Amino acid sequence: MPIVVRIDVELAKRKMSVGEFAERVGLTPANVAVLKNGRAKAVRFSTLEAMCRVLQCQPGDLLEWVDE
């Protein structure tokens with residue numbers, strides 16, 4: 001998939017656990033894993049907004065397009 005999710009990079013920068021992130025965003029840890037592993041088919045803007053709010057980042061920090 002040419003869209004790569006970089007949640008793990010942003011979590012590592014902040015030394016934040018997946019569990020804490022999931023709780024603060026309002027997702028289950030399993031759904032965070034689906035996003036992190038590139039298995040998600042879509043992400044709601046409200047979820048992306050919550051992730052950016054919690055991590056204090058821009059959407060481009062979490063999503064990257066990679067040419068295959």
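Descriptive notes on the structure:
- Note on the chain: the alpha carbon radius of gyration divided by the globular reference 2.2 N^0.38 Å gives 1.02.
- Residues whose placed amide H lies under 5 Å from that of Arg6, excluding near-sequence neighbours: Leu63, Glu64
- For a label point 7 Å along the Cα-to-beta-carbon line of Ala40, residues of segment 9-33 with backbone N under 18 Å: 9-14, 16-33
- Span-like helix criteria (full DSSP H runs; alpha carbon extent of at least 18 Å along the helix axis; mean Kyte-Doolittle hydropathy of at least 1.0) are satisfied in the chain by no helix.
- When the trypsin sites (Lys or Arg not before Pro) in segment 23-68 are filtered for DSSP coil states and for at most 11 other beta-carbon atoms within 10 Å of their beta-carbon, the remaining sites are Arg39, Lys41, Arg44.
Bear in mind these aren't lab numbers, they're just calculated from the coordinates by the rules spelled out. This one's a predicted model, so the numbers in the text were calculated from it and none came from an experiment. Ideal geometry is used to build each Cβ from the backbone, glycine not excepted, and the neighbour counts take in all protein chains shown.
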